[in-house]
Every structure is written in C-alpha cells, then in structure tokens.
1. Would you point out the residue of region 328-349, among those that are in a loop (DSSP other than H, G, I, E, B) and surrounded by 13 or more Cβ atoms within 10 Å (Cβ to Cβ), that is modelled with the lowest pLDDT?
2. Could you count how many residues in region 79-110 are basic (Lys, Arg) and in contact with a Gly (Cβ under 8 Å, 6 or more places away or on another chain)?
3. Of all residues in region 37-54, which are closer than 23 Å to Leu164 by Cβ, part of a loop (DSSP other than H, G, I, E, B), open to solvent by 20 Å² or more (accessible area, probe 1.4 Å) and of a type outside the set (D, E, K, R)?
4. Which one of these does Ile317 not meet: (1) at pLDDT 85 or above; (2) open to solvent by 80 Å² or more (accessible area, probe 1.4 Å); (3) outside any helix (DSSP H, G or I)?
5. Please report, ordered by residue number, the helices (runs of 4 or more DSSP H) entirely within region 133-248 with at least 3 residues that are farther than 30 Å from His410 by Cα and at pLDDT 50 or above.
6. If I filter region 98-108 down to residues being part of a loop (DSSP other than H, G, I, E, B) and either open to solvent by less than 20 Å² (accessible area, probe 1.4 Å) or of a type in the set (Val, Ile, Thr) (or both), which single residue comes out as modelled with the lowest pLDDT?
7. Restricting to region 369-410, give me the number of residues that are in a loop (DSSP other than H, G, I, E, B) and closer than 18 Å to Tyr454 by Cα.
8. Would region 411-418 turn up any residue that is part of a loop (DSSP other than H, G, I, E, B), among the β-branched types (Val, Ile, Thr) and either modelled with pLDDT of 90 or more or surrounded by 15 or more Cβ atoms within 10 Å (Cβ to Cβ) (or both)?
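The values are calculated or read from the model by the stated rules, or taken from the named source; none is laboratory data. Computed from a prediction, not measured in an experiment: that's the story for all the values here. We place every Cβ from the backbone using ideal geometry, glycine too, and count neighbours over all the protein chains shown. Remember, those area values only see protein heavy atoms, side chains included, never the ligands or the DNA or RNA. Shrake-Rupley method; radii C 1.70, N 1.55, O 1.52, S 1.80 Å.
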Amino acid sequence: MECPHLGSSVCIAPDSAKFPQGSPSSWCCSVCRSNKSPWVCLTCSSVHCGRYVNGHAKKHYEDAQIPMTNHKKTEKQEKVQHTVCMDCSSYSTYCYRCDDFVVNDTKLGLVQKVREHLQNLENSAFTSDRHRKRKLLENSSLNSKLLKVNGSTTALCATGLRNLGNTCFMNAILQSLSNIQQFCCYFKELPAVELRNGKTAGRRTYHTRSQGDNNVSLVEEFRKTLCALWQGSQTAFSPESLFYVVWKIMPNFRGYQQQDAHEFMRYLLDHLHLELQGGFNGVSRSVILQENSNLSASNKCCINGASTVVTAIFGGILQNEVNCLICGTESRKFDPFLDLSLDIPSQFRNKRTKNQESGPMCTLRDCLRSFTDLEELDETELYMCHKCKKKQKSTKKFWIQKLPKVLCLHLKRFHWTAYLRNKVDTYVEFPLRGLDMKCYLLEPENSGPESCLYDLVAVVVHHGSGVGSGHYTAYAAHEGRWFHFNDSTVTLTDEETVGKAKAYILFYVERQAKPGAEKL
C-alpha cells in the first residue's frame, strides 16, 4: 500500500553508524536479545523482535505514541513517530499506523537506500565468514550441524523460508509439500532448465521482475525451491523467484496481503498439474510420465485431462449419491478430488483447547463422519429430479470410491457471517499415525488390510483470529523427527506438541503394506 507516513518516520541516514555490527538477519532485539525476526526502526535505527516472537518492535512504536506529560513537545518531536520499520531478513517495510506493508518510498528514496545498505551489510558478513565456514566444513563437514537425538548424533539440515511480506501462507504450504517424499522427489529429479535447453546450457537462469510472462515456469521455480530445502547449506532460503511466478500466473495472490493457505495450495497444485500436462521447458509430459511410470500406472484419477504426478499423489474419487424423497430416484456421480474440506460440527465450536473440560472433544473422525453422513438438502439446494421433472427435496451422501496416496484434509475454520469471515478456533484431535479410512469407502471389502491406514506427515496451523490476518506455521515429519517451520526459523519439536496444534490442513501419507502381508 501507499503509506503517507514515510516523510515523518524515515529519518535515519542510509549508511547510519548506529546500526549494530554483523549480519542484519542475525541482529538481536535490544530488549529480549532474541535474534529471531529482527526489525529495525527507520526513525531511530533501534532493533526489536517481530510480533510473532515477543512483539517488541510493535511495543517500541506504541511507547513512542505516549504523550509527553512533563514538558511541551517541540514541533519536530510531534512529527517523529517511529511508525515505520524494516524486516532485516526480507527487507520489506511495514507501517504500524497503516497496519500494512509499504510499497512506496520517500521523495529522496531513503527506504530503498536503507534496504541496499542492509543488503550490503548482509553480503559483507557472508563474505567474511565464507573462508572460516569453508575450513570448518573441510575439517568436519557434519560438525557444523550436528544434533543429539536419542543418544545418537544425526545431521540437522532443515532450511527455513524467508518471509517476503506476509508470505507465511506460502512458506507453510511449501514446507509441508517438501516433506511428502514421493511428491518432492519427483520434482527434485527433474532436469534443470539449463540442461533442457541447448541455448542456455551451462548457464543458470533466474527470473527477475523485468522478464516477460513467456519466461516463467512454475514447475521450474517449484523444483528449485524444493532442491534448496533439506540441503543444510543455508539456514534460510528466499523463494523470491517462485513468488514472482505466483504473481504472474495467479493474480489473486499479487501484493503483500495475508492470504488463505488452503486456497494457495489448491491454486498451486492446479497450476502445477496444468503445466505438467502441457509440457514445460522442452520436456514433454509423456517423457515425464515415462520416468515415473509407477506413479501414473496406478492412478485412475484425472482432473482436467490426463494424469500427472499431482493427481497420482493427491488424486482420489468421491461418489456423490442423491436420492429424491418424493419418487425415490437415485442419482450417482463420481467427482475427482485433491483434498477434502471438512466442516467442524456445530456442537463442538465452543471448545477451544484440548484440556478444556466443557463437553466432549471434537475429533477428526467427527469431522469425517459429518462429511460422509446422510444429510437432507435444504430448500435452497433442491434437487432436479429427472423422473419428477422438477426440483424436489432430496438427501445426499458422499462415499470415497478411491483413496489417494496422500490424503489432504482441510478443516473449514473460516465461515462467513453477515459481514465478516469469522474463525472457528475449536481444537480438533487428530491421530499422528494409523488414521483408518476403511469405513468411509464405497467398497471396503475390496481394500487390503494396510491400504486404508494413513500416517501424518505434515500439519499447517493458522495463528490468529481472521483469514486476512494472523500467521501460518507448519509442522512436518522428516526421517522420523518432527520439525516446526516458522518462516526462516526451523526448530525440532516432539509429537506431543504437534498433537496439541489447532490444525488447519492435515497431510496424511498412505501406509505402505509390508511385503510379507501380500497374498501369493
């Protein structure tokens, strides 16, 4: 947004000597000394932590607004308001009075000059540490990221994603998808752009905001992002090129407003599916599917055309059964799906925490049962009966005709009232392993003993009160350990903490049948 407060708030010199020493992304809050999410005030150059750490940057602004009682303010003091600050990691600018990210600059271009100075400081700190890190890696390549887990030493190689300005919704989805091994490995094994195009062989290509629409490839930038994660070569990766492509092909996500993570996931999967169908960067879809024939052969779910890895992994089929209550005519329809959106039953909507004792606890099974139970359609959803030749009252029931390899469950936490979209903050208990989907199948007798069991691999959580505000983080399992992904910060966590999360999106992976359990 265009901020009108820059002239009175941006007062520091772009090369101010008041800045702390070292890398800006590692600067510490002047109050709590945390180096997570540092923000620098563009009025006085003081550094404080963001609102999702301890919120001292916002408190710095609020304290500056308290009227001076002991002596009269000067005209200059009235104008200086400490309202604008800059993220020391993504260099995005935020105004607390506007309560939004800022896209404009002062007449003298001071914001951009400060941004460039912080980038230079970051690059200088990186260069000075390069030789030391190289020696450290040569002497002990694993010692730089080793962690003791259950008495054994293992490498910690998780990489965070920088927040580019309210892009936590994208980061949470990307981290979740990166931990779905079969899906992630498919993209990581694709050849890079420079290997597919002879004209650019040997040269690495990057997308910039000056390039045209014809140069963008969502699949390629998605591949690059997945390759950057879990390498351990950096603590945080900036998905700027991917976000640029998202802006180009998904107009709904342009700008720096908070977006819905589930909506973004659906747009992302749909566009990946469409681009893979048409071929990309010189590789035809047939070649891609030949390289991954084990995925396409077992998949019968096609959405908008032929199968791709998206439908092979996430694709399932629902049977929609509608019965006319007047003549008894039954109508059946098969619908492909990539995820299931589940209502939280109304009787549970007041129970906000796991330990709250008032009433029974809502479980994921309650949500699934509500989705598949027989329901009578109301007056606004009358069914056009072909036998009665008019709209009639009817009942509807869903069955799952085919389960996907990865079951994505979206809990519908946001509901429209008269004018607002409110959040349902109910805690929903969900299993970390052994989710049994057999009772929701159309033909459960045809499924094997292990084919209906699912284990949790990732959870997306929304923190806050509304869809247009708040913050997204993700939990994901990787090689037997659980991690919490909060933008550029990645921490180890445990199953108990994951189980207490108020899930928004759940990713379950089909449990593989043991070889000995197969019939001869």
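1. Arg349
2. Qualifying residue count for the region: 1.
3. Listed by number, the residues that qualify are Ser37, Tyr52, Val53, Asn54.
4. Condition not satisfied by Ile317: (2).
5. No helices (runs of 4 or more DSSP H) qualify here.
6. The extreme case among them is Val103.
7. Result for region 369-410: 3.
8. No, that holds for no residue.
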